[in-house]
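What follows is one structure encoded as structure tokens, with my remarks underneath.
The values are calculated or read from the model by the stated rules, or taken from the named source; none is laboratory data. A quick note: this is a predicted structure, and the numbers were derived from the prediction, not measured. Note: ideal-geometry Cβ built from the backbone for every residue, glycine included; neighbour counts use all protein chains shown.
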Amino acid sequence: MASDVTKSEAKMSGAVNEDAIERLDGEPWVKLANGKELTNWSKEDEIRYNQGNRQSEKYLFYRRTFDFLHENEIRGD
């Protein structure tokens, strides 16, 4: 499903976008949003952001579990 919102419009509206992550050369290594930048967030933006984080963490969990089982030659039923 394509979005009609451009990257600049998404940034101005406070929409969550994976491409909006800005890397930094020092701690905390990425630009973190402050309260002013998040004032325009809707409930849908918050849900989308949290679901993205949840899915990323779930993927990492499954990958690490698979690697652990494979490397330790643990066999299932």
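Remark: pairs (first residue in segment 22-46, aromatic (F, W, Y); second residue modelled with pLDDT under 85; Cβ separation under 7 Å; 6+ apart in sequence or on different chains) = W41/G14. Taking each residue of segment 54-77 that is without any contact (Cβ under 8 Å) to a residue 40 or more places away in the chain and looking for partners that are loosely packed, with under 10 Cβ neighbours inside 10 Å and not aromatic (F, W, Y) with beta-carbon atoms closer than 9 Å, six or more apart or interchain, yields F68/I74; L69/R75; L69/G76.
Counting the residues of segment 46-77 that are modelled with pLDDT of 95 or more, hydroxyl-bearing (S, T, Y) and closer than 27 Å to A33 by Cβ gives 1.
Each residue in segment 31-62 was checked for being β-branched (V, I, T) and surrounded by fewer than 10 Cβ atoms within 10 Å (Cβ to Cβ), and 1 of them qualify. Within segment 27-37, is even one residue part of a helix (DSSP H, G or I) and not acidic (D, E)? Yes, some residue in segment 27-37 is part of a helix (DSSP H, G or I) and not acidic (D, E).
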